[in-house]
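To start, the structure itself, in structure tokens.
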Amino acid sequence: QKEVEQDPGPLSVPEGAIVSLNCTYSNSAFQYFMWYRQYSRKGPELLMYTYSSGNKEDGRFTAQVDKSSKYISLFIRDSQPSDSATYLCAMNFGNEKLTFGTGTRLTIIP
Amino acid sequence: DAGVIQSPRHEVTEMGQEVTLRCKPISGHNSLFWYRQTMMRGLELLIYFNNNVPIDDSGMPEDRFSAKMPNASFSTLKIQPSEPRDSAVYFCASSLDGQARTQYFGPGTRLLVL
């Protein structure tokens, strides 16, 4: 079993819809949780970063962490075609080493 | 800021050949990471350096892979001899003070071994 599981999709939603992306993990020692966005043929770029359980909001994006369930989510409100990308979750123990999910490919249909 | 620079962007080679991938981190960053991305395994950390010193190479798949960082502005990842299963996108990333949550990724090198 992988340490971090992420549904690869693909996921297609109409423009303006709310998107929900999720990851589950097995190691309860993970403390920092991140979401990266990766456009086709580009490197990943950090979208959201959270520590421990709770919610964090940044514009149209909300990251949610539930450590008791070992489950993290990223919500995108009012989705735009420019949000079409692969979204990677990542987490670590507070050190340099990140463990990534395999990514979910998202397409927003105009 | 030029960001992390990687070269070449694409590499096609034949099995058995030596492949060298290059990375220039963001100026002032003192941690450098090499990752490999495949459809099946996702993004995997191969090795990372802090202040030019290799800290953790446990992700390096086998002895055919080696990485060096001779100075703060340059690193190489070498595969010798290359095999078809090495085909992947290789990313370099850098950060300040080894903070994984502030890593900046380069554009990647797309490697195809025939």
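FYI, it's all coordinate maths here, none of it is from the lab. Computed from a prediction, not measured in an experiment: that's the story for all the values here. Neighbour counts are summed over all protein chains in view; Cβ atoms, including those assigned to glycine, are modelled from backbone coordinates with ideal geometry.
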State the Cα centre-to-centre distance between segment A:1-50 and segment B:53-108 in whole Å.
-> 23
Exposure-ranked with fewest Cβ neighbours within 10 Å first, A:Y49, B:Y48, A:Y39 stand as A:Y39, A:Y49, B:Y48
Find, among the trypsin sites (Lys or Arg not before Pro) in segment A:28-110, those assigned to loop by DSSP (not H, G, I, E, B) with at most 12 other beta-carbon atoms within 10 angstrom.
-> A:R41
State the Kirkwood hydrodynamic radius of chain B in Å, one decimal place, computed from all pairs of distinct Cα atoms.
-> 13.9
Magnitude of the charge dipole, chain A, Cβ model with Lys/Arg +1 and Asp/Glu -1, debye to 20 | 180
Can you give the charge dipole size of the protein assembly as shown about its Cα centre, rounded to the nearest 20 debye, using +1 on the beta carbon of Lys and Arg and -1 on the beta carbon of Asp and Glu?
-> 180
In segment B:1-94, what percentage of the DSSP-assigned beta bridges are antiparallel, given to the nearest 5?
-> 100
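List the pairs from A:K70/B:K24; A:K42/B:K78; A:K2/B:K78; A:K67/B:K24; A:K56/B:K68; A:K67/B:K68 whose alpha-carbon separation is above 31 Å, in the order I gave them.
In this structure, A:K70/B:K24; A:K67/B:K24; A:K56/B:K68; A:K67/B:K68 lie more than 31 Å apart at Cα.
Could you give the length gained by full extension between B:M40 and B:R64, i.e. 0.36 nm per residue of separation minus their alpha carbon distance, to one decimal place?
Full extension of this stretch gives 6.6 nm more.
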Per residue of A:48-56, how many C-beta atoms from partner chains lie within 10 Å of its own C-beta, taken as a mean?
-> 1
Rounding to the nearest 20 debye, state how big the charge dipole of chain B is about its Cα centre with +1 on each Lys and Arg Cβ and -1 on each Asp and Glu Cβ.
-> 240
Taking θ as phi - 60°, what are the ³J(HN,Hα) couplings along segment B:10-21 by the Karplus curve (6.51, -1.76, 1.60), each to the nearest whole Hz, with x for Gly and Pro?
-> 9, 9, 10, 9, 9, 3, x, 7, 7, 10, 10, 9
Two decimals is fine: what is log10 I(q)/I(0) at q = 0.24, 0.33 Å⁻¹ for segment A:59-100, from a Debye sum with one equal scatterer on every Cα and no solvent?
-> -0.98, -1.18
Can you list the HN-Hα couplings for segment A:28-42, worked out from phi with the Karplus curve (6.51, -1.76, 1.60; θ = phi - 60°), rounded to whole Hz and with x for Gly and Pro?
-> 5, 7, 4, 10, 10, 10, 9, 10, 10, 10, 10, 7, 4, 6, 10
Average projection area in nm² (convex hull over Cα atoms of chain A, one quarter of hull surface) | 6.6
DSSP loop trypsin sites (Lys or Arg not before Pro) with at most 12 other Cβ within 10 Å: longest gap in chain B = B:42-114
In whole percents, the bins of 10 Å from zero upward hold the Cα-Cα pairs of the protein assembly as shown as 8, 33, 35, 20, 5, 0
